[in-house]
Protein chains: 2
Amino acid sequence: MRDALLLKYFMVKSSEFQHPQKSFNSSTHKGYNSFVLPYFLSNLYQRFSKNMTNTTLKKISEVLGFSISTISRALKNHPDISIKTKQKVIELALALDYEPNASAVQLRTRHSKIFGVMVPTISNFFYDSFIASVEEESRKQGFSLIILQSGDNIETENENLKLCRQNRVSGLFACLGSNTKDISGFLKMKEQDIKTIFFDKVPEIDGLNKVCMADTRAGEIAAETILRAKKKTVLAIFGNTNLSITKKRETAFCATFKSKNSKTKLLVEHASNSESARKIVSSWLNKKILIDTIFCMSDEILIGALKAIQEKGFSIPADISIIAISNGFIPGLYHPSITYVETSGYQLGKLAFTQMMACLAGSDTIPEQMVEAKLVNGGSI
Amino acid sequence: MRDALLLKYFMVKSSEFQHPQKSFNSSTHKGYNSFVLPYFLSNLYQRFSKNMTNTTLKKISEVLGFSISTISRALKNHPDISIKTKQKVIELALALDYEPNASAVQLRTRHSKIFGVMVPTISNFFYDSFIASVEEESRKQGFSLIILQSGDNIETENENLKLCRQNRVSGLFACLGSNTKDISGFLKMKEQDIKTIFFDKVPEIDGLNKVCMADTRAGEIAAETILRAKKKTVLAIFGNTNLSITKKRETAFCATFKSKNSKTKLLVEHASNSESARKIVSSWLNKKILIDTIFCMSDEILIGALKAIQEKGFSIPADISIIAISNGFIPGLYHPSITYVETSGYQLGKLAFTQMMACLAGSDTIPEQMVEAKLVNGGSI
DNA sequence: AGATAATTTGCAAACGTTTGCGAGATGCTT
DNA sequence: AAGCATCTCGCAAACGTTTGCAAATTATCT
């Protein structure tokens, strides 16, 4: 092992001795250096016989004969350090695969370059695209992501918050569990100066940073689309009534119906999951009332509704029309693909990230931000 | 802010002064202590006026008059420390919301209690259930997870590995990108003593820790199921041919067909994504050859195939049968639900996790482990 | 040449823990 | 009363960085 490293180093060395005058190129950090071999050798040996798995600033400093602080500054391209020195340092650091110890940096600088992300569950078309999006941006900016699932469980939620605090995350993206009422745990984050961006399911109190979907607008668009198509009897299915997301969508949807003063008949139902949505739709389709359109406020409900329709053998949109609010993935699985109002987790992620960066840069509290809703036409209505 | 903390502390204190003889209960860490107020007050004030956001061992030690090492040991329930002292320490730590600084612990102990997880993308029914599963177990064992997406991009993959090294993760769960040939980056992890468990798409060389789906068996089961149903003409669609997962499934599937020496006709195709699968199926359905069964080796392919079938207006299984290898989510979206051979990401996650724990406990390299495949009957064949 | 300025580098403290070792205090044995 | 074991606790070093400040060196200016 030690020999392997020495060998590796010498290979780098010897290749350079073949081009001793190669000039220093600051962009690639490769070049020529000229310290005395015997000294270097003895030191290198000494260091590596002690512990050869990790290269540290200290190790580099002992090999090169500079102090640790010089090495540190050289690697950060600090103006105090001369080009010649930087050249030597960077070269050796590269040869020895130096990689700064994140814990030490965190400890010293007090910021971790890590974000926490808490969602009820990761196995969800919406959250996973949100996370994917945030991860993408974070990586670009040199941040890592710690993912946490609350499982809609309040205790787990608090444990997760604790984990974030212990890891001194730089910021937290948080989606509340559906039954989380007490957000004191989240407020504690603020005390510790951990910036928190709430998304999707957000607390109702003011003074927090939140990003949301344009749920009200989404409800309106769906209703408008149905009315424009001059449908007669609409079955609208919404989710858990104590979620603000449900309230917003339902209120907007129903209000639009009333305001347009149409003769369209509206039937409203609530389903807690796919299966209950399936049953509801199934039972309505067996009644005498002729339903010509179904509106589903979420993917989960859409899945159930479609099953019921398929069971019944109805074809879309000939026998019945359907429209949903969705992320887009599920609607694309069927033929004809389902018309939906798009609420993109991916875009919400982008928005949340820019808001986080703004927070870290100093702006304290920013007014609630929204991702626009827009209609995506499939062939289902 | 400072006042708030003092107030909080005094509330805790005063509530205890009402029950001065409450006995020490080591399991709840609550109890009575009796140090002199004025001393405590002056110290507390002094400390908090300096920096009141974070409670540290030092702070507790100064308030209580014990050394830092005593505080540290007391909080870990070290036998050297007397019950009385532990009582005082734990009580104050609780009152001040002490939370150990993870960076400092990591730096000192050289293990981070963080696992890395690298997948091509997180937005995927299979990977997200894998991650969800690993996250669940990790949290139970006090580990956090850093999620990384390679996006099937080799550079990103290496960057991510670097991040893991810099964060000194305790272990890494890794799924190779589809075009990753050079795994030297992963071997470097081993040098740094970072245990790596490969899953799903694993390197072909030996001596590494891998967990896989029983892909060969899955292919066999699918083939056997089709033969048992006495189908005449089967269109089998596989994925990217240079993935070992494809090779295994295809080889097993085809071998089973041959070995049974049946008269069933087998047509083999390859599709790189959903859309190409849709086109392939679509064009076959338009030919004169009467295909009565379609086999799809993955969810992606299944989605495409089903679209083609729906477009054509065929009904399942009356006009055509279909069977897939899948995680189970997609097959459940249709009616009748699709019969599939289950390869559960969730179970794979559990397996990977136990293997990781075994690795950390010392066992060096464990023979490749598999998650069993089993048939889940829908109504599609 | 001497003084001053500019450049280059090193010293040492700090971040918050953990832990081997040793010291003082207490209790027990003969 | 002396010896010894046991119980508590503190000292100090270490983990790998970053950074204010001072020191040493070199260049520049009268």
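The values are calculated or read from the model by the stated rules, or taken from the named source; none is laboratory data. From a predicted model like this one, the values you see are computed outputs, not experimental measurements. Heads up, the Cβs are rebuilt from the backbone with ideal geometry, glycines too, and the neighbour counts pull from every protein chain shown. What goes into the accessible areas is simple: the full protein's heavy atoms, side chains included, and nothing from ligands, DNA or RNA. Shrake-Rupley method; radii C 1.70, N 1.55, O 1.52, S 1.80 Å.
Quick notes on this structure:
- Its relative contact order, with pairs defined as Cα atoms under 8 Å and 6+ residues apart, puts segment B:123-177 at 25 percent.
- For segment A:84-102 and segment A:308-365, distance of Cα centres in Å: 48
- Each principal axis of segment A:215-342 carries a Cα extent, and these read 34, 29, 24 Å when sorted largest first.
- 5 angstrom amide H check on A:VAL268, placed H, neighbours 5+ away: A:ALA236
- Per-residue ellipticity at 222 nm, computed for chain B from helices alone with -39500 (n - 2.57) per DSSP H run of at least four residues, works out to -14500 deg cm²/dmol.
- Under 20 Å from A:LYS288, Cα to Cα: aspartates and glutamates that are on another chain or at least 8 residues apart: A:GLU269, A:GLU311, A:ASP319
- 3J(HN,Hα) from dihedral phi, segment B:366-375, Karplus parametrisation 6.51/-1.76/1.60, rounded to Hz, x for glycine, proline: 10, x, 3, 10, 10, 9, 4, 9, 8, 7
- Comparing each chain alone with all protein chains together (probe 1.4 Å, DNA, RNA and ligands left out), the residues of segment A:124-144 losing at least 30 Å² of accessible area are A:ASP128, A:ALA132, A:GLU135, A:ARG139, A:SER144.
- Residues in segment A:160-199 that, when all protein chains are in place, have 10 Å² or more less accessible area than the chain alone would give (probe 1.4 Å): A:ASN160, A:LYS162, A:LEU163, A:ARG165, A:GLN166, A:ASN167, A:ARG168, A:LYS188, A:GLU191, A:GLN192
- Remark on B:ILE146: its backbone amide H falls under 5 Å from those of B:PHE115, B:GLY116, B:VAL117, a criterion applied only to residues 5 or more positions apart or on other chains, H modelled at 1.01 Å from N.
- Calculated label separations, A:ARG108, copies of the chain, 7 Å along the beta-carbon direction, nm: 1.9
- Assuming charge only on the beta carbon of Lys and Arg (+1) and of Asp and Glu (-1), the dipole of the protein assembly as shown about its Cα centre is about 660 debye to the nearest 20.
- The 1.4 Å probe gives accessible areas that order B:SER144, A:SER363, largest first, as A:SER363, B:SER144.
- Across the accessible surface of segment B:215-342, with the other protein chains kept in place and a 1.4 Å probe, carbon and sulfur atoms take up 51 percent.
- Other protein chain Cβ atoms within 10 Å, averaged over every residue that makes up A:100-113: 5
- What you get for segment A:269-369, charging only the Cβ of Lys and Arg (+1) and of Asp and Glu (-1), is a dipole of about 360 debye around the Cα centre.
- Just checking the listed ones, B:SER112, B:SER61, B:SER150: in the Gaussian network model of chain B with Cα springs under 10 Å, the one fluctuating most is B:SER61.
- Starting from the label point of B:ASN77 at 7 Å along Cα→Cβ, the same points in the other copies fall at 5.1 nm, in ascending order.
- Charge-dipole axis of chain A as Lys and Arg at +1 and Asp and Glu at -1 on Cβ define it, positive-most pick from A:VAL268, A:PHE314, A:ILE221: A:ILE221
- Whichever aspartates and glutamates have a C-alpha closer than 15 Å to that of A:LYS263, once near sequence neighbours (fewer than 8 apart) are set aside: A:GLU224, A:ASP292
- Separation of the alpha carbons by more than 23 angstrom is noted, of B:LYS113/B:LYS195; B:LYS258/B:LYS374; A:LYS140/B:LYS190, for A:LYS140/B:LYS190.
- Partner aspartates and glutamates whose Cα lies under 13 Å from the Cα of A:LYS59, excluding those fewer than 8 positions away in the same chain, are identified as A:ASP97, A:GLU99.
- For chain B, averaging the sequence separation of C-alpha pairs within contact (under 8 Å, six or more residues apart) and dividing by the residue count gives a relative contact order of 14 percent.
- Taking a ≥ b ≥ c as the square roots of the eigenvalues of the Cα gyration tensor, an a/c ratio of 1.5 or more together with a/b larger than b/c marks segment A:280-379 as prolate.
- Cα-derived Rg over Rh, computed across chain B with Rh taken as Kirkwood radius: 1.18
- Environment charge of A:PRO317, counting only residues whose C-beta is closer than 11 Å and scoring Lys/Arg +1, Asp/Glu -1: -1
- Candidates B:LEU57, B:LEU285, B:LEU176, ranked by Gaussian network fluctuation over chain B, Cα under 10 Å, top entry: B:LEU57
- The phi torsions of segment B:197-209, fed into the Karplus equation with coefficients 6.51, -1.76 and 1.60 and a -60° offset, translate into couplings of 10, 8, 9, 6, 8, 10, x, 8, 6, 7, x, 10, 8 Hz, rounded to whole numbers, with Gly and Pro shown as x.
- Dimensionless Rg over Rh [the protein assembly as shown; C-alpha; Kirkwood]: 1.03
- Whole-number percent relative contact order across segment A:249-381, with pairs defined as alpha carbons under 8 Å at least 6 apart: 21
- Heavy atoms of A:LEU107: accessible area, 1.4 Å probe, square angstrom to 10: 70
- A:ASP193 - accessible surface, heavy atoms, 1.4 Å probe, Å² rounded to 10: 100
- In this assembly, the A-B interface accounts for approximately 5000 Å² of buried accessible surface in total, computed with a 1.4 Å probe and without ligands, DNA or RNA.
- Result for chain A in a Gaussian network model with C-alpha springs under 10 Å: among A:ASP292, A:ASP200, A:ASP319, the largest mean-square fluctuation is at A:ASP319.
- Placed amide H near B:THR293: partners under 5 Å, 5+ positions off or other chain: B:THR233, B:LEU235, B:SER321
- Solvent-accessible heavy-atom area per residue, rounded to whole Å², over the protein assembly as shown at 1.4 Å: 45
- Sorted from closest to farthest, the other copies place their A:LYS230 label points 5.4 nm away, with each point set 7 Å from Cα along Cα→Cβ.
- Taking A:MET356, A:MET370 and ordering them by how much accessible surface each has at a 1.4 Å probe, largest first, produces A:MET370, A:MET356.
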